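Here the structure is laid out as structure tokens; the discussion comes afterwards.
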Amino acid sequence: MIEPQRQQLLVAARVFVPKITVENIMKYLLRYCAVLALSLLSLASAGFAQSNTATLLGAVTDPTGAVIPGASVHITNAGTQVSRTTRSGSDGAYEVPLLPVGEYTIAVEAGGFKRAERSGIVLEAGNRIKIDVALQIGDLAERVRVEGDAPLVATQNADRGIVISSEEVSNLPLNGRNFAQLISLQQGVIVGSMIGNSITFNGLPYNGTTINIDGTDAANPDRPTAGNYSGQTRLALVSQEFIQEFKTSQGVFSAEIGRATGGSVNVITKSGTNELHGSLYEFVRNDRLDARNFFARAKDPLRLNQFGITASGPLIRNKLFIFGGWEASRERRGVQVTGTVPTDSFRRQLIDANPRFAEILNLMPPVTEALPGDTNRGFHRRSDSRRQREDVGQGRIDFAPRSGDNFFARYTIFDASVVQPNISPVNGFTFPSQDRSFTFSWSHALSPRMINELRFGANKQDLPRNYAAFVPGGAGTLQGYLGTPDLEFLRANGGSWTIADNFSRNNGRHSLKMGFEVRRYHNGRTNYQNPIYVFDTAADLLASRPASATLSTAFENVARIQTTGTGIFFQDDFRLRRDVTLNLGIRYEYFSPPIELNGRLYNVASSPYGPFRQKGEAVWNSDRNNFGPRAGLAWDMFGSSRNVIRMGAGVYYSDNPLRGLTLITRPPSRPASLVLSRGDSPNLRYPVDPFNIDPALLIAPVSRTIIDPHHRTTYAVLWSFDYQRQITPSTAATIGYIGNHGVKQL
């Protein structure tokens, strides 16, 4: 119904990176962003990203603790054997950013010292792991090997979040195999069931939560959640079998993460390695193990099968890797359908009184049980079934043509169909849907101390929801004395396009990161419901006199509503001392006022009861004052990476969902929904033509739906403090406090 806009992408730019000093950081930042902005002028789409890589840093020392400058540091991925090399600086420090998640080995070499190797270091998304290496005097041909995982406490940043690994995703019990249930394992996080698995952090609205897959936006465009439209599907967009890990961020997180006032969720998908891996699985639930419903004559049938296959491995060892998977869910669940329906005699009376009643009454099933003392209505009961089909597939390819270059591309598709039985046997509720997600990333090491990452992503979701017997403007719903099936149509679709570029440089004690991000959201929604008539008594029904009628007048394509967000950030993780790290960042964000492609957004100019803005005019005034400073501190109390105090504060901005704007796509003289009552319209009779309303019925004033034209960007001030202690090699404890203050909610 809502066709995607076709755009062309022509980008050709080279960014020359000068030497960065403390004095010219801001000058460089402005020049860098100007070049990127020029290269992005031809983009029609984009988005906000989150880091899906990790950073490894530390210091190289001799047996006395003195630093060793110029030592060669090799970082090698254990699964793919892809490596990166750098050298320790004059202060003995080294840093390797933008490492894909996984297990790594560090090898350090320096003249006059034995080669030191440390293996088994597992890096997770967003980690900044400090691994110090002490070299022993001896011949370079000699080796000192140490097995050891990364420390359990975060000594380098104030970000409060958790990482759920692939083992936990696979082994923790999940009803329906939907990973979103694990997000609520973190303190202060609630995954709600009322709004399609909406995710809230520390009480802030779910609109301030970002959902990402491999660092690019993948949220439901109707509302930022991890679920499908209406929350009807069992599986999520990404099967738990495809997940390497996922990370939540809250509190004082890096300036790299934008459009989030509460927190963010980032899912990292699995990639191939040098080893062949695969899985074949099926999970079964069956009514043979169930008890009979007390009110049913027999057990309701249940057939639930969830099955799938995955495979991964090398196409070219040490260079080219592939991962692919498919998972399906098939469910047929018996349900008891009950309701009050008209008796045959009352049905004939109504049709004789007004033949138009036949349109809706012919959808109703017969009476199966009489209601004592009621000759007009009876009770209907039957066993029916809910049918559900879901398929999700994913493919990913990783390519490392040479040291310092890494590419990956991933495509995920989700297709589902749900049919929910209704009181009417011929009027089932249908939910067909399709979601798609794509991410491409290229990281390139410009030098041992400088690396750049370019990331692009697309996200699209579509759901046409319908009743099988729905005909626009046809039979209506009879409520009150006689309840009949709803007749409604909904088409909701939308998504986002994302582009992000991040540049990192290690400048001594300063780990600098800066970048530019652009995001385009689009959302369309058509929601039409045949008239709903309320009748108080049987006499009113026979006289075709409803007490009220609710009319939907918006059955036409709602063209796509769009908004563009841009962000620029600068982050400096400054190692003030060996045991103290400052996380200093600032982010600027701008969210353009939403537009509708045909200019159909109608809002008042200033006063709620004043004149409306002209067609095509901005729906609200721009807000360009969105500067968000962020500061954090991490103190490794005794230098042993076992006791850490972390604290920080920051300002975070987020735009608002587009869903509510569909209410103002109608001209002020024709609201999307109109309620008529017999008190205001004495001539009200059944039926009313919603497309040709008699002016004599419009006696009551027409309401207006508006948005504050002086609306400002929503933001939140966050602050946190916590103490972490590693108790055993596999156990750590945290006690902390987090606070927030949300401002300017729409």
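The values are calculated or read from the model by the stated rules, or taken from the named source; none is laboratory data. Because the structure is predicted, anything quoted here is derived from the model rather than measured. Note: ideal-geometry Cβ built from the backbone for every residue, glycine included; neighbour counts use all protein chains shown. Only protein heavy atoms, including side chains, enter the accessible area calculation; ligands, DNA and RNA are left aside. Shrake-Rupley method; radii C 1.70, N 1.55, O 1.52, S 1.80 Å.
Key figures
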quantity	calculated
Filtered residues of segment 86-114 (kept if closer than 23 Å to residue 578 by Cα, open to solvent by 20 Å² or more (accessible area, probe 1.4 Å) and modelled with pLDDT of 90 or more)	87, 105, 109, 113
Some residue of segment 714-727 being in a loop (DSSP other than H, G, I, E, B) and either at pLDDT below 90 or touching a Phe, Trp or Tyr at 6+ places or on another chain (Cβ under 6 Å) (or both)	no
Any chance residue 396 is surrounded by 17 or more Cβ atoms within 10 Å (Cβ to Cβ), under 27 Å from the mean Cα position of the chain (by Cα) and not aliphatic (A, V, I, L, M)	yes
Selected residue (criterion: farthest from the chain's Cα centre (by Cα)) from residues of segment 257-299 that are acidic (Asp, Glu) and modelled with pLDDT of 90 or more	275
Which listed residue, of 356, 317, 333, 347, is open to solvent by 20 Å² or more (accessible area, probe 1.4 Å), farther than 18 Å from residue 378 by Cα and in contact with a Phe, Trp or Tyr (Cβ under 9 Å, 6 or more places away or on another chain)	356
Options 195, 162, 129, 190; residue that is modelled with pLDDT under 90, surrounded by 20 or more Cβ atoms within 10 Å (Cβ to Cβ) and hydrophobic (A, V, I, L, M, F, W, C)	129
Which numbered condition residue 547 misses (of (1) farther than 22 Å from residue 664 by Cβ; (2) crowded, with 23+ Cβ neighbours inside 10 Å)	(2)
Enumeration of residues in segment 594-639 that are within 17 Å of residue 565 (Cβ to Cβ) and either among the polar types (S, T, N, Q) or outside any strand (DSSP E or B) (or both)	594, 618, 619, 620, 621, 622, 623, 624, 625, 626
Identity of the residue in segment 238-278, in contact (Cβ under 8 Å) with a residue 40 or more places away in the chain, open to solvent by 30 Å² or more (accessible area, probe 1.4 Å) and not in a loop (DSSP other than H, G, I, E, B), that ends up nearest to residue 646 (Cα to Cα)	244
Search result, residues across segment 567-591 that are in contact (Cβ under 8 Å) with a residue 60 or more places away in the chain and either touching a Cys at 6+ places or on another chain (Cβ under 7 Å) or of a type in the set (Ser, Thr, Tyr) (or both)	568, 581
Qualifying residues in segment 523-544 (those that are assigned to a strand (DSSP E or B) and open to solvent by 10 Å² or more (accessible area, probe 1.4 Å)) - the one nearest to residue 88 (Cα to Cα)	525
Extreme residue, most open to solvent (accessible area, probe 1.4 Å), among residues of segment 67-85 that are farther than 30 Å from residue 323 by Cα, in contact (Cβ under 8 Å) with a residue 40 or more places away in the chain and among the small types (Gly, Ala, Ser)	70
Subset tally (residues that are more than 28 Å from residue 156 (Cβ to Cβ) and surrounded by fewer than 22 Cβ atoms within 10 Å (Cβ to Cβ)) for segment 483-517	6
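Matching residues to (1) crowded, with 21+ Cβ neighbours inside 10 Å; (2) part of a strand (DSSP E or B):
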| site | (1), (2) |
| --- | --- |
| 411 | no, yes |
| 422 | no, no |
| 426 | no, no |
| 451 | yes, yes |
| 459 | yes, yes |
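Conditions (1) in contact (Cβ under 8 Å) with a residue 40 or more places away in the chain; (2) touching a Pro at 6+ places or on another chain (Cβ under 9 Å); (3) assigned to a loop (DSSP other than H, G, I, E, B), marked per residue:
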site: 437; (1), (2), (3): yes, no, no
site: 442; (1), (2), (3): no, no, no
site: 446; (1), (2), (3): yes, no, no
site: 465; (1), (2), (3): yes, yes, no
site: 473; (1), (2), (3): yes, yes, yes
site: 486; (1), (2), (3): yes, no, yes
site: 491; (1), (2), (3): yes, yes, no
site: 497; (1), (2), (3): yes, no, no
